[in-house]
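Chemist: To start, I am sharing the structure in question, which I have written as structure tokens.
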Amino acid sequence: MERFPTIGQLLAKTCSNPFVLAYDESQKFLIQCLCCLINKEPQNSGDSKLNSWIRGLLSHILSAFRFNIKEFDLFTQGLGYEPVDYCPALLKNMVLSLVSKLRESHLNGFNTRRRMAPERVASLSQVCIPLVTLPDFEPLVEALLIYHGHEPQEVLCPAFFKAVNEAFLLKKISLPTSAVVSLWLRHLPSLEKAVLHLFTKLISSERNCLRRIECFIKDSLLPQAACHPAIFRVVDEMFRFALMETDGALEVLAAVQVFTRCFVEALEKENKQLKFALKTYFPHISPSLTAVLLQHPRDTPQGCHHQLLQHVSLMLRKAVEDQACGSCRDPFESWFLFIHFGGWADLAAEHLLRSAVEAPAAAEAPVAALLWLLAFYYRPLDSHQQRAQTMVEMEAVLSRLRFLTLSRSSPISAEELRAAAGEDSHEDPMQPVCGRLIRHLLLNFLLWVPAGHAAAHDTITLMACTDEISHEITGFLDQTLYRWDHLCTEAPRPAKLARELLQELRARV
Amino acid sequence: MDALLQQLERFSEVLSVSRTNHVSTWGPETVRRALQWARYLRQVYRRFGSHGRIRAALERRLRIHWGPEGPKSGLTSFRALGRGDVLLSLNLLQNRALGDAAGRALLQQLFPGAGTGDADAEALQTRLVRLARRRAALLLLRETDCFRGGSPGLLEDPVLLTQAQLLLGRLQEAGETETGDPSGWLGRLWTRAPRVHFLQVMAVALLQPLEELGPSGPKSLGEEIHVLVRWLLEQSEVLAAFCRLPAGLLTSIAERHPALSRAYLVLLTDWGQKLHYDLQEGAWVSADSQDVPWEELLRRFQSLSQAPPPLKDEVLTLLESCKARDGNFEVAGLSVWTDLLLDLPSSASKLCLGGDKFEVPA
């Protein structure tokens, strides 16, 4: 204080500024600052004067409110009440009166006398900026967010939206979903910030735990808000960018899939009379394809899954191959839509394997459809020929695996499995994604085929030679268990094995 | 129990003293002890809040100190026990007469700084800080256009509403102990507070819903409102001034409180009888400029005649019977009641004869 005397002036000015005092925790900080400045052992009159000045400031912060309406003060004093008695009640009544004024103004479209002038609403929103986290103000914040004036441009000030969004993301305020949706619809930066906040949380949380990801996503209210197509498009766009920037990272894929699931759930729960057409959510894709992909396998009996998968594959193939010849849209759009509903690819892999091993006499065509689906999922940018090549390789692996299970007396060993998968003979080390596909086929084999159970632990140990692959396998197991839960698939032995393997892998990290 | 009551009284004294110059004699120890007492009493408040008998006993003791003039400074009710520490702290902080050493001790007690595990002190600090924040919020709200300029209707004014709630709250506390007779301190309030304002608050209080949903379940305000009505009926001067409030407001009140509506109608009749017809001006005037003029009277009757029955019927019956008493003239200018009836909107003067409910005293 001796070196910077203007600090004294600054403190004095701050203490008498209600805007500062109203903000979050600033009163506490100011008080702490002032208390630090107090001289515990005043040596001279200067020190005591400083102390009493500080006391004055503190008293000002805590009690300098006089409503300055003489009648009010006289009346309350006459009743024997102090400000501490009536402040909360007065604040509550004022807030409620403002809320009802806003509501009236909202409903009375043509009655201009009862309408609140837009400048008043704007100044009200400005006043609320520091007070957004005060619980007494929640009804007012909600009313402002839902308020629609009769002017074409936005009447509330942007800083207000920003303050509310931040308070919401940090969980300092609790708002109903409709108010949050209104906030995001009116102020795009808030929506973007909310999605980024979600991304940050997802990145910094434990990897490969889909349940936790689901919790975060549901918590953020984004799936419910995305029932509104405008919001969905923005969020989808951000996911798309994330996917492209990370070159299709598995975590982003998983997040997209969980988000889509939550979104579809929220969409089903909405009882709105206005149901938006599918085209508004996915404008680049034909609605019939979207409709097919949106179907939930749970709704069809297990026996019919095969046909369903075939249908999906056919439609997707048509969309992709029609586009490739002539139309300007690239297959990326179809693939991007497809990965939203990644459960199909996993289901296809499962079916492929089980039918290959358990019922080898099945017809060829369905298998080809499933092969195509998987090849497209893992390598969307392949040309026709490359994809055909991948399909041939997959078929080779499947036949080798099938051979292994036929009439065996001794249990299968891990090395044999690995050889069958062709991992040893890596002709082309620049095909990591194909490797991923093969690995998933192998893992499915381990889970579903009883002969594979014994060698499961060893095979995994052999496969998980790098951290990257380890994470990939963990992710796969977690995702499979998660999917079985949601599809209510009855598979006790595979599930048990999967859980054991998962535990083992997690313990290793 | 006795010890508790004694402590209550002593703390109440301490609280009243804390605003005066006497605190200059207080030392740091006194301050610390006072705050400890406040903390202890707050615990008492929280423990016995739901304990009917103990709470009633404490209320009674505190009520004695109200005296005939109403609640003074100091502890005024059981609820105030919960806020005693905040009240004491604020009183002391604002009191310039508090010595240096005592002041430092006070600040140390209130704001011990981070790290100390004193949960009570932290809680007190939180409450003080929250109060400061709420006050700042009120100041900010007051500055917005919504409350300045353009007077809101009386019934919508949150400031009046708060005062009405406070008034009813005090009445409720007075009612909880049988020794409460509010006429004393209501009268004092009438003399001290600005009159029109007081009447407006009373009007708003009388229009409060009878059943209010409070934090501790539905609260019935019927008793307090009846007390207020009774007091109003007993004080003729107040009643006369009360009935000069705007016509629409009084009509709503008359609808709700039949006793008041009767008194109101009596007053209206008296005022009407004071008017005489001035031939030169061609209007009804009164000798005294303080009296209610014709236009005002007409406005009130018009408002009353638009009220739903049974009030409407009462009013019309009254007017008819007054007119009959004056001679049942149909021509204007001879009886003030005829003229009033003539000037009421025609749909309202359709009287449904259901027997005379109102007798004008001869």
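The values are calculated or read from the model by the stated rules, or taken from the named source; none is laboratory data. None of these values were measured; they are calculated from a predicted model. Backbone-built Cβ (ideal geometry, glycine too); neighbour counts: all protein chains shown. With ligands, DNA and RNA removed, areas are computed over all heavy atoms of the protein, side chains included. Shrake-Rupley method; radii C 1.70, N 1.55, O 1.52, S 1.80 Å.
Chemist: Answer yes or no as to whether A:Ser16 is of a type outside the set (Phe, Trp, Tyr) and facing chain B (nearest Cβ under 9 Å).
Modeler: In short, no.
Chemist: Continuing with the same structure: Every residue in the stretch A:126-139 that is more than 9 Å from chain B (Cβ to nearest Cβ) and aliphatic (A, V, I, L, M), please.
Modeler: Listed by number, the residues that qualify are A:Ile129, A:Val132.
Residues checked against (1) open to solvent by less than 40 Å² (accessible area, probe 1.4 Å); (2) at pLDDT 80 or above:
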{"site": "B:Pro310", "(1), (2)": "no, yes"}
{"site": "B:Asp313", "(1), (2)": "yes, yes"}
{"site": "B:Thr317", "(1), (2)": "yes, yes"}
{"site": "B:Phe329", "(1), (2)": "no, no"}
{"site": "B:Trp337", "(1), (2)": "yes, yes"}
{"site": "B:Leu340", "(1), (2)": "yes, yes"}
{"site": "B:Ser346", "(1), (2)": "no, no"}
{"site": "B:Leu353", "(1), (2)": "no, no"}
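Chemist: Tell me which residues, restricted to the stretch A:30-50, are surrounded by 13 or more Cβ atoms within 10 Å (Cβ to Cβ) and hydrophobic (A, V, I, L, M, F, W, C).
Modeler: Across the stretch A:30-50, the qualifying residues are A:Leu30, A:Ile31, A:Cys33, A:Leu34, A:Cys35, A:Leu37, A:Ile38, A:Leu50.
Chemist: Would you kindly identify the helices (runs of 4 or more DSSP H) lying entirely within the stretch A:149-216 that contain at least 3 residues that are of a type in the set (S, T, N, Q) and closer than 21 Å to A:Glu265 by Cβ?
Modeler: none
Chemist: With the requirement that a residue be under 23 Å from A:Cys87 (Cα atoms), assigned to a helix (DSSP H, G or I) and open to solvent by less than 10 Å² (accessible area, probe 1.4 Å), what does the stretch A:121-144 give you?
Modeler: Of everything in the stretch A:121-144, those that are under 23 Å from A:Cys87 (Cα atoms), assigned to a helix (DSSP H, G or I) and open to solvent by less than 10 Å² (accessible area, probe 1.4 Å) turn out to be A:Leu124, A:Ser125, A:Cys128, A:Pro130, A:Leu131, A:Phe137, A:Leu140, A:Val141, A:Leu144.
Chemist: Here is a follow-up. Need the failing condition index for A:Tyr147 against (1) open to solvent by 20 Å² or more (accessible area, probe 1.4 Å); (2) within 14 Å of chain B (Cβ to nearest Cβ); (3) within 21 Å of A:Ala226 (Cα to Cα), just the number.
Modeler: Every listed condition holds for A:Tyr147 apart from (1).
Chemist: Do we have any residue at all in the stretch B:255-275 that's modelled with pLDDT under 85 and either assigned to a strand (DSSP E or B) or among the hydroxyl-bearing types (Ser, Thr, Tyr) (or both)?
Modeler: Yes, the conditions are met somewhere in the stretch B:255-275.
Chemist: If I ask for residues that are over 15 Å from B:Ala132 (Cα atoms) and assigned to a helix (DSSP H, G or I), which ones from the stretch B:86-95 would you list?
Modeler: Answer for the stretch B:86-95, where residues must be over 15 Å from B:Ala132 (Cα atoms) and assigned to a helix (DSSP H, G or I): B:Leu88, B:Leu92.
Residues are listed down the side, and each one gets a yes or a no for (1) open to solvent by less than 10 Å² (accessible area, probe 1.4 Å); (2) modelled with pLDDT under 80:
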| position | (1), (2) |
| --- | --- |
| A:Leu374 | yes, no |
| A:Glu395 | no, no |
| A:Arg402 | no, yes |
| A:Glu416 | no, yes |
| A:Gly422 | no, yes |
| A:Ser425 | no, yes |
| A:Met430 | no, yes |
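Chemist: For A:Ser63, all conditions in the list (1) over 26 Å from B:His197 (Cβ atoms); (2) within 7 Å of another protein chain (Cβ to nearest Cβ) hold save one; what is the number of the exception?
Modeler: So A:Ser63 meets the others, but not (1).
Chemist: Just checking, does the stretch A:103-110 include any residue being more than 8 Å from chain B (Cβ to nearest Cβ), among the acidic types (Asp, Glu) and surrounded by fewer than 16 Cβ atoms within 10 Å (Cβ to Cβ)?
Modeler: For the stretch A:103-110, residues more than 8 Å from chain B (Cβ to nearest Cβ), among the acidic types (Asp, Glu) and surrounded by fewer than 16 Cβ atoms within 10 Å (Cβ to Cβ): present.
Chemist: Counting only residues that are farther than 29 Å from A:Gln32 by Cα and more than 7 Å from chain B (Cβ to nearest Cβ), which one in the stretch A:70-92 is modelled with the lowest pLDDT?
Modeler: Top of the filtered list is A:Lys70.
Chemist: Just name the residue that is nearest to A:Asp346 (Cα to Cα) out of those in the stretch A:475-494 that are among the charged types (D, E, K, R) and part of a helix (DSSP H, G or I).
Modeler: Among those that are among the charged types (D, E, K, R) and part of a helix (DSSP H, G or I), it is A:Arg483.
Chemist: Against the definition (outside any helix (DSSP H, G or I) and modelled with pLDDT of 80 or more), how does B:Gln200 come out, yes or no?
Modeler: Taking the combined requirement at face value, the residue does not satisfy it.
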